[in-house]
1. List, please: which pairs have Cβ atoms under 6 Å, are six or more places apart or on different chains, and start with a residue in segment 91-106 that is touching a residue at least 24 places away in the same chain (Cβ under 8 Å) and end with one that is surrounded by fewer than 17 Cβ atoms within 10 Å (Cβ to Cβ) and not in a helix (DSSP H, G or I)?
2. In the set 77, 46, which member is at pLDDT 95 or above, farther than 27 Å from residue 13 by Cβ, surrounded by fewer than 16 Cβ atoms within 10 Å (Cβ to Cβ) and touching a strand residue (DSSP E or B) at 6+ places or on another chain (Cβ under 9 Å)?
3. Restricting to segment 63-74, name every residue that is within 19 Å of residue 21 (Cβ to Cβ) and at pLDDT 95 or above.
4. Might you let me know whether segment 50-57 holds any residue that is touching a strand residue (DSSP E or B) at 6+ places or on another chain (Cβ under 9 Å), modelled with pLDDT of 95 or more and either closer than 13 Å to residue 81 by Cα or buried (at least 18 other Cβ atoms within 10 Å of the Cβ) (or both)?
5. Of all residues in segment 83-98, which are farther than 12 Å from residue 16 by Cα and in a helix (DSSP H, G or I)?
């Protein structure tokens, strides 16, 4: 598979896997997996992260092509990238399924 297949050429596989390999970022993706749009303030509260820490994590996810954002007054709202390339989406779904399975066993 060509590297340019990931996130329409914007993301290399290593960037994608690095973005998925951090617990706070994975938690944010699990929250966003409901298909909705979430304010960074909600992500902060649910994940116990400070605003600066959450913003840094979301920038990593955005740079990896996993999320998109929209400014809403003073807050930024995030959602999963609906244009994520199929190979990247498959990786994301597999990681989320594994995280959900692991939580169910805990």
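1. 96/33
2. It is 46.
3. Those that are within 19 Å of residue 21 (Cβ to Cβ) and at pLDDT 95 or above: 66, 67.
4. no
5. Within segment 83-98, 86, 93, 94, 96, 97, 98 meet the criteria.
The values are calculated or read from the model by the stated rules, or taken from the named source; none is laboratory data. Note that the coordinates shown come from a computational prediction; the quantities given were computed from them, not determined experimentally. Every residue, glycine as well, gets a Cβ built from its backbone with ideal geometry; the counts of neighbours run over all protein chains shown.
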